[in-house]
Amino acid sequence: AKRIVVLISGSGSNLQALIDAIELGAINGQIVAVISNKPDVYGLTRAANAGIPSIVIDHRQFDGREPFEAELSKAINQLAPDLIVLAGFMRILNSEFVQPYEGKMLNIHPSLLPKYKGLQTHKRALENGDKEHGVSVHFVTAELDGGPVIAQRIVKVEDSDTEQSLQQKVQRQEHQLYPEVVARFCNERLSYQDGIAYLDDKPIQ
Ligand code: GAR
């Protein structure tokens with residue numbers, strides 16, 4: 001089984017979807033640790049409930065991004081993961097941090113990338129009158145939310161939708177999509193080279 005480290009900053013509903021999929025035998029992997037940059041988030045309770053060790057690396061305890069990231073990579077490297085999964089991890093990462101993990105770090109982002117990199121994606125989709133919105137899973141590269149997309153799910157935007165209803169719709173898709181992509185990675189069907197993602201050795205898109 002592949003060794004998976006999950007990075008979170010919040011409620012951890014995507015972490016839960018991964019825990020559940022592993023319990024069902026749908027992912028050939030094991031979450032060896034959860035790392036959170038925030039001390040009191042519900043995702044840490046989810047990890048404890050599943051018997052998964054967790055580590056808190058509070059970014060506020062560090063004097064800037066570099067020392068925080070140095071501590072983070074030290075913790076990650078000690079765990080010797082095959083895969084690092086960003087699941088609602090809300091810190092921007094320097095290219096020096098990201099580079100050693102290229103091809104083995106995934107992120108889930110609540111928009112149809114390349115649209116709406118960054119924050120407030122649901123608000124921006126509504127403001128622009130988009131008829132379709134959604135979620136993307138991509139390999140993490142130095143460019144924020146800019147690495148090659150592996151898979152997306154689309155949700156329809158209705159006139160009655162609010163930021164909150166859209167977020168709920170998107171998260172329902174996230175909880176299906178992320179375990180599927182992680183399963184593919186763990187079965188060695190996904191790969192990355194020179195900024196391109198591959199499924200079964202064929203470039204994606
Ligand atoms: C998810 O909706 C994820 O797409 C988003 O944060 C949420 C975390 O929820 N990620 C980002 O916005 C990344 N910039 P969760 O903690 O319940 O999984």
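Considering A142, A197, A151, which residue is out of contact with any strand residue (DSSP E or B) (no Cβ under 7 Å at 6 or more places or on another chain) and hydrophobic (A, V, I, L, M, F, W, C)?
Among A142, A197, A151, only A142 is out of contact with any strand residue (DSSP E or B) (no Cβ under 7 Å at 6 or more places or on another chain) and hydrophobic (A, V, I, L, M, F, W, C).
For segment 147-162, enumerate the residues that are under 25 Å from L106 (Cα atoms) and surrounded by 15 or more Cβ atoms within 10 Å (Cβ to Cβ).
Result: G147, P148, V149, I150, A151, Q152, R153, V155.
Of everything in segment 158-182, what is of a type in the set (D, E) and either over 29 Å from S95 (Cα atoms) or away from the ligand (no atom under 12 Å from the Cβ) (or both)? Give them in sequence order.
Of segment 158-182, the ones of a type in the set (D, E) are 158-159, 161, 163, 174, 180.
Scanning segment 158-182 gives E158, D159, D161, E163, E180.
Kindly indicate whether V155 is within 15 Å of the ligand (Cβ to nearest atom) and within 20 Å of M90 (Cα to Cα).
When the stated conditions are applied, V155 does not pass them.
What is the residue count in segment 6-43 for residues that are of a type in the set (A, V, I, L, M) and within 15 Å of the ligand (Cβ to nearest atom)?
First, pick out the residues of segment 6-43 that are of a type in the set (A, V, I, L, M): 6-8, 15, 17-19, 21-22, 24, 26-27, 31-35, 41.
Pick out the ones that are also within 15 Å of the ligand (Cβ to nearest atom) and you get 6-8, 15, 17-19, 21, 31, 34-35, 41.
The qualifying residues number 12.
Could you please let me know if V170 is modelled with pLDDT of 95 or more, more than 17 Å from the chain's Cα centre (by Cα) and either open to solvent by 90 Å² or more (accessible area, probe 1.4 Å) or farther than 26 Å from F97 by Cα (or both)?
no
Could you list all residues from segment 147-171 that are within 27 Å of Y192 (Cα to Cα) and in a helix (DSSP H, G or I)?
Result: V170, Q171.
Looking at segment 178-205, which of the residues that are farther than 16 Å from I22 by Cβ and among the hydrophobic types (A, V, I, L, M, F, W, C) is surrounded by the most Cβ atoms within 10 Å (Cβ to Cβ)?
L190
If the Cβ limit is 6 Å and pairs must be 6+ apart or interchain, which residue in segment 58-76 that is over 16 Å from V5 (Cβ atoms) pairs with which residue that is among the hydrophobic types (A, V, I, L, M, F, W, C) and outside any helix (DSSP H, G or I)?
Pairs that qualify, where the first residue is over 16 Å from V5 (Cβ atoms) and the partner is among the hydrophobic types (A, V, I, L, M, F, W, C) and outside any helix (DSSP H, G or I), are F68/F62.
Tally time: how many residues in segment 174-205 are among the hydroxyl-bearing types (S, T, Y) and modelled with pLDDT under 95?
Number of matching residues: 0.
Would you mind stating whether S136 is within 11 Å of the ligand (Cβ to nearest atom), open to solvent by less than 20 Å² (accessible area, probe 1.4 Å) and assigned to a loop (DSSP other than H, G, I, E, B)?
Criteria not met by S136.
The values are calculated or read from the model by the stated rules, or taken from the named source; none is laboratory data. This is a predicted model, so every value here is computed, not measured. Every residue, glycine among them, receives a Cβ derived from its backbone with ideal geometry; neighbour counts consider all protein chains shown. SASA here: full protein model, heavy atoms, side chains in, ligands and nucleic acids out. Shrake-Rupley method; radii C 1.70, N 1.55, O 1.52, S 1.80 Å.
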